[in-house]
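Student: Attaching a single structure in structure tokens format; questions to follow.
The values are calculated or read from the model by the stated rules, or taken from the named source; none is laboratory data. Quick caveat: nothing in here was measured; it's all calculated off a predicted structure. Here the Cβ positions follow ideal geometry from the backbone for every residue, glycine too, while neighbour counts run over all protein chains shown.
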């Protein structure tokens with residue numbers, strides 16, 4: 001067992017050098033003993049090292065995981081599921097395994113099956129950008145964002161403390177949640193918005209079949225409401241398919257909300273619409289205000 | 001009849017000194033003979049004149065409309081409907097009446113009932129900001145945005161040319177549409193996004209009743225997808241209630257799109273989801289790209 005872990009003595013292996021992994025690398029390099037970045041394609045090794053976000057880049061995930069004190073999985077969710085199984089058992093006794101995947105139930109279940117000598121902690125930083133990849137990565141990406149941590153019942157307190165030290169180091173705000181609750185909450189605020197944005201674009205596509213000038217009149221309202229529909233589909237499918245029951249519940253309630261608004265509109269019930277839409281507008285404005293003070 | 005109208009000789013009356021009206025004032029003042037801004041509250045006269053967006057401000061809409069060569073209605077849709085009826089008949093022979101309301105069928109129908117001596121043109125600039133009011137107004141607001149014009153069958157060509165000169169002057173892109181088609185297109189790209197954003201917030205509110213930390217995990221995806229739900233409810237109700245049949249059609253297709261995505265997710269049909277979501281993501285990215293080149 002590692003005793004009193006502090007970040008600066010750690011060898012950190014980050015698996016996956018996309019936006020999230022590389023941004024974490026920028027924040028850690030020079031502040032920890034060593035940052036190893038694992039990439040998938042041999043051609044990416046040189047560019048990753050040249051970017052300055054790691055001390056060294058490699059395609060050898062197994063060797064990197066075997067050497068590190070802290071392994072961070074920064075790949076799509078179903079890749080994380082495979083890597084937990086493949087890399088976890090190779091890790092050193094007491095080494096800590098954190099992931100940054102967007103759903104947590106399936107991942108924490110896979111972590112629970114790891115050999116006892118590994119210390120797993122589920123993680124999910126609630127930030128991102130429209131653009132992905134090493135080129136979009138930047139120091140300070142995590143500053144001010146909520147970083148969910150899901151310790152397992154088996155997770156030692158010092159492993160959780162290490163995860164919390166990592167979150168503090170990158171100036172994120174830790175929030176401990178159990179995996180099922182996490183998945184229910186993110187279904188509401190992330191997975192449902194992705195699907196509703198996608199359905200919005202699908203509707204405009206169907207209108208465009210009749211009159212393509214619809215794209216010309218689309219302005220900032222459509223731009224913002226539909227932005228996440230341009231997300232990477234492979235990444236989103238990993239998320240949706242590992243959280244489908246929470247997502248379907250969210251879709252069902254959302255469909256009810258849409259149907260309720262339609263009924264009030266069909267009835268021309270202005271008083272009801274006013275009451276409902278004012279309450280919604282107030283809740284949205286309050287959230288926006290509180291969020292800026294964080 | 002006015003002959004060969006050119007902007008610089010005009011006395012323009014703008015009714016309503018909110019974001020749209022006051023921004024138009026900034027762009028016109030000093031470039032036309034006179035800009036009169038009509039406000040609702042006597043207390044607003046001094047602030048409007050101090051802002052510099054008009055040559056003079058007044059609460060007397062009837063006098064302003066009677067004196068102007070060009071009257072621009074920049075109020076909420078149902079106020080515009082009343083003002084067409086109240087102010088239109090007072091206008092000078094050959095004077096042009098333009099509105100900036102967000103729905104066009106009801107407005108153009110009201111314009112069609114005006115006395116013959118008035119020249120009406122429906123208008124809708126497709127721009128806006130989260131914030132409303134005189135304080136949010138700015139020169140250049142309309143630059144680059146699509147400005148829909150709906151001439152009536154009775155509209156003289158020189159009245160339409162004046163409207164087009166106005167659009168060109170503020171560096172917007174004119175798009176001539178018939179009112180019903182306009183309303184169908186904006187139902188898709190503006191009114192539906194408002195209702196879907198509202199339903200999204202309503203869902204999060206219902207999740208928050210059980211666990212209010214849902215607000216804490218909400219990040220940029222939720223922020224953008226829900227932004228328009230914070231719009232001014234009175235303004236939006238004017239829009240929804242004067243365009244309810246197109247909005248309900250849009251809601252129905254949207255509900256079908258949501259149901260289709262849910263079915264594919266329930267079936268775990270990854271191939272179908274990939275195909276649909278990739279086509280949607282591609283359409284959204286293409287729109288974003290084309291839009292930047294305008």
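Student: Taking segment A:47-66 as the region of interest, how many residues are touching a strand residue (DSSP E or B) at 6+ places or on another chain (Cβ under 6 Å) and more than 10 Å from residue A:37 (Cα to Cα)?
Tutor: Total meeting the criteria: 1.
Student: Would you please name the residue that is nearest to residue A:192 (Cα to Cα), looking only at residues in segment A:248-294 that are more than 7 Å from chain B (Cβ to nearest Cβ) and touching a residue at least 60 places away in the same chain (Cβ under 8 Å)?
Tutor: Step by step, filter segment A:248-294, then rank; the result is A:249.
Student: Determine, yes or no, whether residue B:101 is within 14 Å of another protein chain (Cβ to nearest Cβ) and buried (at least 23 other Cβ atoms within 10 Å of the Cβ). Before you say what the answer is, go through the steps one by one.
Tutor: Working: within 14 Å of another protein chain (Cβ to nearest Cβ): no; buried (at least 23 other Cβ atoms within 10 Å of the Cβ): yes.
No: the conditions fail for residue B:101.
Student: For residue B:140, are the conditions met, namely being within 11 Å of another protein chain (Cβ to nearest Cβ), outside any helix (DSSP H, G or I) and in contact (Cβ under 8 Å) with a residue 60 or more places away in the chain? Give the steps one after another, and end with the answer.
Tutor: Working: within 11 Å of another protein chain (Cβ to nearest Cβ): no; outside any helix (DSSP H, G or I): yes; in contact (Cβ under 8 Å) with a residue 60 or more places away in the chain: yes.
For residue B:140, the condition - within 11 Å of another protein chain (Cβ to nearest Cβ), outside any helix (DSSP H, G or I) and in contact (Cβ under 8 Å) with a residue 60 or more places away in the chain - is not met.
Student: Sort out which residues of segment B:115-125 are part of a loop (DSSP other than H, G, I, E, B) and within 23 Å of residue B:39 (Cα to Cα), and write them in order of number.
Tutor: In the first step, residues of segment B:115-125 are kept if they are part of a loop (DSSP other than H, G, I, E, B); the result is B:115-118.
Correct list: B:118 only.
Listed here are the residues, each with its yes/no results for (1) at positive phi; (2) surrounded by fewer than 24 Cβ atoms within 10 Å (Cβ to Cβ); (3) touching a helix residue (DSSP H, G or I) at 6+ places or on another chain (Cβ under 6 Å).
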position: A:160; (1), (2), (3): no, yes, no
position: A:178; (1), (2), (3): no, yes, no
position: A:184; (1), (2), (3): no, yes, yes
position: A:200; (1), (2), (3): no, no, yes
position: A:212; (1), (2), (3): no, yes, no
position: A:219; (1), (2), (3): no, yes, no
position: A:228; (1), (2), (3): no, no, yes
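Student: Let me ask something additional. Please give the strands (runs of 3 or more DSSP E) falling wholly within segment B:1-110 in which 1 or more residues are under 18 Å from the mean Cα position of the chain (by Cα), without any contact (Cβ under 8 Å) to a residue 40 or more places away in the chain and closer than 18 Å to residue B:172 by Cβ. Outline the logic, then answer.
Tutor: On the way: elements: B:11-15, B:34-38, B:56-58, B:70-73, B:96-99.
In segment B:1-110, the matching strands (runs of 3 or more DSSP E) lie at B:96-99.
Student: Cβ-Cβ below 9 Å, separation at least six or inter-chain, first residue in segment B:208-229 and more than 7 Å from chain A (Cβ to nearest Cβ) and farther than 12 Å from residue A:291 by Cβ, second crowded, with 18+ Cβ neighbours inside 10 Å and at pLDDT 95 or above: which pairs?
Tutor: B:208/A:188; B:208/A:283; B:208/B:214; B:208/B:215; B:210/A:184
Student: Same structure, new question: I want to confirm something. Restricting to segment A:132-147 and keeping residues that are crowded, with 16+ Cβ neighbours inside 10 Å and in contact with a strand residue (DSSP E or B) (Cβ under 8 Å, 6 or more places away or on another chain), which single residue is nearest to residue A:50 (Cα to Cα)?
Tutor: That would be A:142.
Student: Regarding segment B:162-179, can at least one residue be identified that is modelled with pLDDT under 95 and within 12 Å of chain A (Cβ to nearest Cβ)?
Tutor: Here is the first cut: in segment B:162-179, the residues modelled with pLDDT under 95 are none.
The answer is no; no qualifying residue exists.
Student: For segment B:238-247, state whether one or more residues are buried (at least 19 other Cβ atoms within 10 Å of the Cβ), under 18 Å from residue A:254 (Cβ atoms) and at the interface with chain A (Cβ under 7 Å from one of its Cβ atoms).
Tutor: Yes: one or more hits.
Student: Which members of segment B:143-162 meet the condition of being under 17 Å from the mean Cα position of the chain (by Cα) and farther than 24 Å from residue B:243 by Cα? Don't jump to the end; show me each part of the working.
Tutor: Let us first name the residues in segment B:143-162 that are under 17 Å from the mean Cα position of the chain (by Cα), namely B:143-151.
Listed by number, the residues that qualify are B:143, B:144.
Student: Shifting gears a bit: Do we find that residue B:67 is surrounded by fewer than 24 Cβ atoms within 10 Å (Cβ to Cβ) and touching a helix residue (DSSP H, G or I) at 6+ places or on another chain (Cβ under 7 Å) in this structure?
Tutor: On the way: surrounded by fewer than 24 Cβ atoms within 10 Å (Cβ to Cβ): yes; touching a helix residue (DSSP H, G or I) at 6+ places or on another chain (Cβ under 7 Å): no.
Against the criterion (surrounded by fewer than 24 Cβ atoms within 10 Å (Cβ to Cβ) and touching a helix residue (DSSP H, G or I) at 6+ places or on another chain (Cβ under 7 Å)), residue B:67 does not qualify.
Student: Out of curiosity, is residue B:267 under 15 Å from residue A:261 (Cβ atoms) and either modelled with pLDDT of 95 or more or exposed (fewer than 13 other Cβ atoms within 10 Å of the Cβ) (or both)? Explain how you work it out, then say what you get.
Tutor: On the way: under 15 Å from residue A:261 (Cβ atoms): no; either modelled with pLDDT of 95 or more or exposed (fewer than 13 other Cβ atoms within 10 Å of the Cβ) (or both): yes.
Here the answer is no, as residue B:267 does not meet what is asked.
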